[in-house]
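The values are calculated or read from the model by the stated rules, or taken from the named source; none is laboratory data. All figures in this text were calculated on a predicted structure; none of them were measured in a lab. When we count neighbours, we look across all protein chains shown, and the Cβ atoms used for this are built from the backbone with ideal geometry, even at glycine.
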Amino acid sequence: MYGSMNDNMNKNDSTTSTPGVEREFHLFVRSEFHRIQAHSHSEEGSIYTQLMFAMQNSALYRYPTGRVSFGKFKCDLFRYLWDEKLSSFKVEDKLSCTFLCVGEPKCYSLNTAANLDSNDLYLCELLASDKYRATGKFFANATFHHFNPLSPCESAPCMNGGVCVPEYISNSYRCDCKPGFCGTHCKQGGNRTCSDLKHSYPEVQNGDYVIDLDEDGGVTPFKVYCDMIDNNDVGVTVVRHDSESRTPVDGYSHRGTYSRNIIYKEADMAQLAKLTASSAHCEQFIMYECYHSRLFRGDHGWSLVNGTLAL
């Protein structure tokens, strides 16, 4: 564990980290602990108890008055986070950079140069975000190491593209789910239809989404395509099937001799029936091209979901 006085930083308490690709640093900035301990029955004593509890359960903690702060950092060797920089410094060692981050309320991670410069100093960059919230900006780099507070987000618990947001004070996290997903880990679809999704997220784009027609009911959530532009941007739920491409038909000269079963992708009949019941309007698009033939003469047509014939 690394420790220092708030006013007189003392690095003699430090111990070397365990060698390896990933290293872990525990540090805290403290103030007047001995005086607080001596008055264990006073208000300061309760503060001390609170801080000790926080140190056992938090990855990054800053006491509101600024008297005490501490952090537990993980080092990703030769990685760099390209995100907003709060400030840059030249420091004598990497530990000094982590102290600067703990002392800056807006700092949530940092980059340090892997090697000393010509003046025997390390470049230290304090960042306003972390690798969990800025995953797309976290890259391999031959000249930098990255330090980030420890977090359960390290195990990537958020599913379906959800963003893991660390809660450092409580050493926990929450998942910011993409449109169409919900739950603790963004596992389930959170909207009944594409229209509901469009209503909840007006700027959502066309694409595949998971819908949940009855939430905790008996119908399993399933994937559909949402057309967010058609029908005046109302949000149209499209269920794909295996007969969307052009299918040549030849050799069926007699009426009624050709038939084809449509197999819907991602959805069974129970899900389709529930989707129909949840929708204000339903339609099936069929395209028919022919030569010297007519469609729907006599009593032939296709069956609707309710069992009747459409001619």
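Evaluated against (1) within 22 Å of Lys72 (Cα to Cα); (2) crowded, with 21+ Cβ neighbours inside 10 Å; (3) touching a Ser or Thr at 6+ places or on another chain (Cβ under 6 Å); (4) not hydroxyl-bearing (Ser, Thr, Tyr), Ile169 falls short on exactly one condition, (2).
Here the condition is being among the charged types (D, E, K, R), part of a strand (DSSP E or B), in contact (Cβ under 8 Å) with a residue 40 or more places away in the chain and surrounded by 11 or more Cβ atoms within 10 Å (Cβ to Cβ); of Lys223, Lys274, it holds for Lys223 alone.
Candidates Lys131, Lys198: the one that is modelled with pLDDT of 85 or more, charged (D, E, K, R), crowded, with 19+ Cβ neighbours inside 10 Å and over 25 Å from Lys106 (Cβ atoms) is Lys198.
The number of residues in the range 226-246 being assigned to a strand (DSSP E or B) and either of a type in the set (D, E, K, R) or within 22 Å of the chain's Cα centre (by Cα) (or both) comes to 2. Of the listed requirements (1) in contact (Cβ under 8 Å) with a residue 40 or more places away in the chain; (2) among the acidic types (Asp, Glu); (3) farther than 15 Å from Gly71 by Cβ; (4) outside any strand (DSSP E or B), Glu125 misses just one: (4).
How many residues does the range 277-289 contain that are more than 24 Å from Ser245 (Cα to Cα) and either polar (S, T, N, Q) or not in a helix (DSSP H, G or I) (or both)?
As a first pass, look at the range 277-289 and keep what is more than 24 Å from Ser245 (Cα to Cα): 277-281.
Next, from what is left, pick out any that are either polar (S, T, N, Q) or not in a helix (DSSP H, G or I) (or both): 278-281.
Summing the residues that are more than 24 Å from Ser245 (Cα to Cα) and either polar (S, T, N, Q) or not in a helix (DSSP H, G or I) (or both) in the range 277-289 gives 4.
Looking across the range 82-118, the residues that are in a strand (DSSP E or B), of a type outside the set (Gly, Ala, Ser) and within 25 Å of the chain's Cα centre (by Cα) come down to Lys85, Leu86, Leu110, Asn111.
The residues listed here are Asp93, Asp120; of these, the one that is out of contact with any helix residue (DSSP H, G or I) (no Cβ under 7 Å at 6 or more places or on another chain) and either modelled with pLDDT under 95 or closer than 20 Å to Arg133 by Cβ (or both) is Asp93.
In the range 240-254 there is no residue matching the filter, namely being in contact with a helix residue (DSSP H, G or I) (Cβ under 9 Å, 6 or more places away or on another chain) and surrounded by 11 or more Cβ atoms within 10 Å (Cβ to Cβ).
Every residue, every condition in (1) among the aliphatic types (A, V, I, L, M); (2) farther than 30 Å from Glu203 by Cβ; (3) at pLDDT 85 or above, yes or no:
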{"position": "Val239", "(1), (2), (3)": "yes, no, yes"}
{"position": "Val249", "(1), (2), (3)": "yes, yes, no"}
{"position": "Ser293", "(1), (2), (3)": "no, yes, no"}
{"position": "Gly298", "(1), (2), (3)": "no, yes, no"}
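Answer yes if at least one residue in the range 179-186 is modelled with pLDDT of 95 or more and not in a strand (DSSP E or B), and no otherwise. No, the range 179-186 contains no residue that is modelled with pLDDT of 95 or more and not in a strand (DSSP E or B).
Just one of the numbered conditions (1) under 16 Å from the mean Cα position of the chain (by Cα); (2) surrounded by 19 or more Cβ atoms within 10 Å (Cβ to Cβ); (3) more than 21 Å from Leu86 (Cα to Cα); (4) among the hydrophobic types (A, V, I, L, M, F, W, C) is not true of Phe138: (3).
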